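Before any comments, here is the structure.
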Amino acid sequence: MADLEKYRRFSEMETKMPLFSKGWWMDTVCLNEWDVILIEENGKIIASLPFYKQIQNGQLTIQKAPLTQTNGIWIYYPPNQKYEKRLSYEKKIMNEVIDEIEKLNIKKYQQYFHYSITNWLPFYWRGFSQTTRYTYVIENNLDLDEIYKNFNSNVRKLIRKAKKKVVVKENLDIYQFYTLNQMTYERQNLKTPYTLDIVLRIHKECLERNAGKILYCIDQQNNIHSAAYFVWDDESVYYLMSGSDPAFRSSQSLTLLLYEGIKLANNMGKKFDFEGSMKENIEHHFRQFGAKQIPYHNIYKTF
């Protein structure tokens, strides 16, 4: 397979590549259970597809990596391409990537592509299937006052309510964060879908790279109500994880933390990506922040 070290170096330098496709992120969440397809031209990488590989029932599969919203295909586009040329170029590149996928002798393939990839026709023509997923994004071309005005009046009310009860602080202990995070799943009778080890590795790497931050809400009695973990790349801040103490849910502190995350992105000149949710109640809450609904592709195939 491809030279992972070469890809790590390349992804560090490529500012347009989303966080979740970077070599260091894949190392962090997948350890040694990942690989990458590279398409090169004249010694230059023009496309890549990092992937998380798992053995299921004795067969190799490619699937979504833990705590990784999207990865899948990344393409370098020559400057000033006409639209028709761009589509032809995508078809050529995607077919080369699919050729490499088919050489892997896998049983199943599934990845969520970043929303910047809008054309999946070459995958369709090669027998892959697709379902549409949605995220919500606040663009980086608005000032904070405009963003706040776009909030639903209910969200503004919840933020004002939370500010009367709690203050926002930074850099909660990561073990305390994970405990709060687990509480959120326990309240819904769900198992936390990722381990403490993964969270610790993400936290270590993000601190070293200045690529992430924990914000949390605390009251006058030093009760921690909630916490949220935000990560970022050159273009976006992502709402990665959060947790709340069920005893203090009524304070609406998590709504305040989302607002703080949006302010963080705005101050950095970046977009804010809620990382979407297909759950109706969560989607309803994200939508109320005035964010733009953006579709992205879940691409899959059973061989």
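The values are calculated or read from the model by the stated rules, or taken from the named source; none is laboratory data. This is a predicted model, so every value here is computed, not measured. What goes into the accessible areas is simple: the full protein's heavy atoms, side chains included, and nothing from ligands, DNA or RNA. Shrake-Rupley method; radii C 1.70, N 1.55, O 1.52, S 1.80 Å.
Cα axis of helix 153-165 to longest principal axis of the chain: angle in degrees, 0 to 90, nearest 10?
60 degrees
State the percentage of accessible surface on region 147-280 attributable to carbon and sulfur atoms; use a 1.4 Å probe and exclude ligands, DNA and RNA.
After summing per-atom areas, the C and S share lands at 45 percent.
Mind checking the per residue accessible area of the chain for me, 1.4 Å probe, whole number of Å²?
50 Å²
What percent do you get for the relative contact order of region 214-303 when only Cα pairs under 8 Å and 6+ apart count?
It comes to 22 percent, rounded to a whole number.
Nearest 5 is fine: what % of DSSP beta bridges in region 1-157 come out antiparallel, could you say?
85 percent
Do you know the relative contact order of region 212-254, to the nearest whole percent, from alpha carbon pairs under 8 angstrom that are 6+ apart?
Over region 212-254, the number comes to 35 percent.
Filter the cross-link list Lys263/Lys292; Lys107/Lys204; Lys44/Lys64; Lys22/Lys64 down to pairs whose alpha-carbon distance in this structure exceeds 23 Å.
In this structure, Lys107/Lys204; Lys44/Lys64 exceed 23 Å between Cα atoms.
Ignoring ligands, DNA and RNA, how do Met268, Met13 rank by accessible area with a 1.4 Å probe, largest first?
Met13, Met268
If each residue of separation counts as 0.36 nm, what is the full-extension length gain between Val167 and Glu41 once their alpha-carbon separation is subtracted?
Gain on stretching Val167 to Glu41: 40.1 nm.
Write down the percent of antiparallel bridges among all DSSP beta bridges whose residues are both part of the chain, to the nearest 5.
90 percent
Determine the distance separating the Cα centre of region 38-67 from the Cα centre of region 106-164; give it in Å without decimals.
So the two Cα centres are separated by 23 Å.
Given contacts defined as C-alpha pairs under 8 Å and at least six residues apart, what's the relative contact order of the chain, whole-number percent?
Relative contact order of the chain: 23 percent.
For helix 174-187, what angle does its Cα long axis make with the longest principal axis of the chain, in degrees from 0 to 90 and rounded to 10?
Relative to the chain, helix 174-187 is tipped by roughly 90 degrees.
Near the amide H of Gln63, under 5 Å away, which other amide H atoms are found, from residues 5 or more places off or on another chain, if H is placed in the peptide plane?
Result for Gln63 returns Tyr52, Gln54, Gln110.
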